[in-house]
Each structure stands twice: as C-alpha cells, then as structure tokens.
1. Tally the residues that are open to solvent by 10 Å² or more (accessible area, probe 1.4 Å) and in contact with a Leu (Cβ under 9 Å, 6 or more places away or on another chain), restricting the search to the range 110-126.
2. State the number of residues belonging to the range 42-67 that are over 18 Å from Asn93 (Cα atoms) and surrounded by fewer than 23 Cβ atoms within 10 Å (Cβ to Cβ).
3. Find the residue count for the range 1-44, including only residues that are touching a His at 6+ places or on another chain (Cβ under 6 Å) and of a type in the set (Ser, Thr, Tyr).
4. Would you mention how many residues in the range 55-79 are of a type outside the set (Phe, Trp, Tyr) and assigned to a loop (DSSP other than H, G, I, E, B)?
5. Only one residue in Thr19, Thr33 is among the polar types (S, T, N, Q), in contact (Cβ under 8 Å) with a residue 24 or more places away in the chain and closer than 24 Å to Gly198 by Cα, so which one is that?
6. Looking only at the range 157-164, decide whether some residue is in a loop (DSSP other than H, G, I, E, B) and among the hydrophobic types (A, V, I, L, M, F, W, C).
7. Within the range 169-216, considering only helices (runs of 4 or more DSSP H) that don't extend past its boundaries, which have at least 1 residues that are buried (at least 18 other Cβ atoms within 10 Å of the Cβ) and touching a Pro at 6+ places or on another chain (Cβ under 9 Å)?
Amino acid sequence: MPKAEARPGKLLLSPSDHTLILIDHQPQMAFATRSIDPILLRNNAALLARAAREFSVSTILTTVAEKSFSGPIFPEVRSVFPDSEIIDRTTMNTWEDPRICDRVNAIGKSRIVFAGLWTSVCIVGPALSAIDQQFEVYVIADACGDISGEAHSLAMERMIQAGVRPMTSLQYLLELQRDWARAETYSQTVATSIAHGGGYGLGLIYAKSMFGGGEGH
C-alpha cells in the first residue's frame, strides 16, 4: 500500500530545476502560423516570459535570421528580458547551434522546457535532440504554432511518443506558483494571470473587485 505524503511529485516542474528555451517567436514565422490565432500566440508567449522572469527561471532566447529574414523577437518577450542576449542562428534545429548547447551546459539543468515557432520544425528538432541526449523535455503547446492545425497536432503527437511532456502557458505559471500561500510570488502571479490568463484572469478581477476574494486568504 503506497503512503501519501504532503509533498509535490517529482514530475512537477519547479523554478530552479529547468531551463526555458524560447525559439523563433518572430514576425515572419508568425505570418504563416495558422494553428493558433496570432493574438493568442503573442499573449501566451508573454505569459510564459513573465512567468519565467517572476520565478527567476534560467531562460535562453533565440531567433533565426533576425536581420535578413525573420525579424525581431516578439516585443512581448523582449520587454520582459530587455537586457538578455538573443542568440541568432542559421540552423532550423536550435540544438545544432553550439552556442545553445554551451548555454545549456553552463546552466547545468537536466530539464528543458521549449516553446516557439514552428512546432514541426523548430520545436521537434531540439526536443527530439535533447531527449536523445538524456534530457527531460517539456513543450508549452499553446506558445507554439505551425502552418496548419494538422502540422502542430502531428508534431506534438510525435514528440509525446518520444517522451515529451506537454503543457500550456497558464499551467506552467500555476505549476511554478503551486501554493497560493507563497507570498513572495503571489502578487506577481495574480498580476500575470489577470493580464494574460484569459477567462481565468477575468475571474480574478471579478472576485477581487466584488468581494475582495483571494486564493491564499
């Protein structure tokens, strides 16, 4: 008979146990994305970036052909990390750029969380490569997109079959918070949820405005 203990499971993410890699959130890549509305995509990328900053998650930003073709990283991401280096690549597979692997190795964490455009190329490539090298890989599905719903869905299915663990952007934020009594991050988690959490954010606005409701109180 297993024994229940009041502690989180090992499969849950914590702020200190992983590296977040945001890949090719750029205008040219978004122009052809059809699996998700571009407004929702930008919102989810912003939520993800703000969650990473709030919880001091080790984060790598990378683009492809920024100056010659794809354009700058989404302003919603850049504004959250205004001083961070952005590694601009020629490789479609981020993992084949030695600078990325050097950063991953320097950070020294065995869990990698990916999000970016397009799912079937720019996420599948590094996700499968990282798994092949014994990393534990998560993908934020709703901060990714592809040229069709089918392309995105099949890419996610392919990665899941290989061992990727899928998540959503809001799930990522709330998994890092995990306890509303964590006062040091409570206010920012609520603020990020209100700004980018869709209907959940509206619910927080209503509860706080109408009767002073709060999850941790």
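The values are calculated or read from the model by the stated rules, or taken from the named source; none is laboratory data. Since the structure is predicted, the reported quantities are computational estimates derived from the model, not experimental observations. With ideal geometry, Cβ positions are generated from the backbone for all residues, glycine too; neighbour counts draw on all protein chains shown. Remember, those area values only see protein heavy atoms, side chains included, never the ligands or the DNA or RNA. Shrake-Rupley method; radii C 1.70, N 1.55, O 1.52, S 1.80 Å.
1. Residues that pass the stated criteria total 2.
2. Restricting attention to the range 42-67, the residues satisfying the condition of being over 18 Å from Asn93 (Cα atoms) are 42-58, 67.
Subset that is surrounded by fewer than 23 Cβ atoms within 10 Å (Cβ to Cβ): 42-43, 46, 53-58, 67.
Residues flagged as over 18 Å from Asn93 (Cα atoms) and surrounded by fewer than 23 Cβ atoms within 10 Å (Cβ to Cβ) within the range 42-67 amount to 10.
3. Initially, the range 1-44 is screened for residues touching a His at 6+ places or on another chain (Cβ under 6 Å), giving 35, 43.
Going one step further and asking which of them are of a type in the set (Ser, Thr, Tyr), we end up with 35.
Summing the residues that are touching a His at 6+ places or on another chain (Cβ under 6 Å) and of a type in the set (Ser, Thr, Tyr) in the range 1-44 gives 1.
4. The number of residues fulfilling the criteria is 7.
5. Checking each option against the conditions leaves just Thr33.
6. For the range 157-164, residues in a loop (DSSP other than H, G, I, E, B) and among the hydrophobic types (A, V, I, L, M, F, W, C): present.
7. By residue number, 169-177, 183-196.
Listed here are the residues, each with its yes/no results for (1) open to solvent by 20 Å² or more (accessible area, probe 1.4 Å); (2) touching a residue at least 12 places away in the same chain (Cβ under 8 Å); (3) outside any loop (DSSP other than H, G, I, E, B).
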site: Met92; (1), (2), (3): yes, yes, no
site: Cys101; (1), (2), (3): yes, no, yes
site: Val104; (1), (2), (3): no, yes, yes
site: Leu128; (1), (2), (3): yes, yes, yes
site: Val137; (1), (2), (3): no, yes, yes
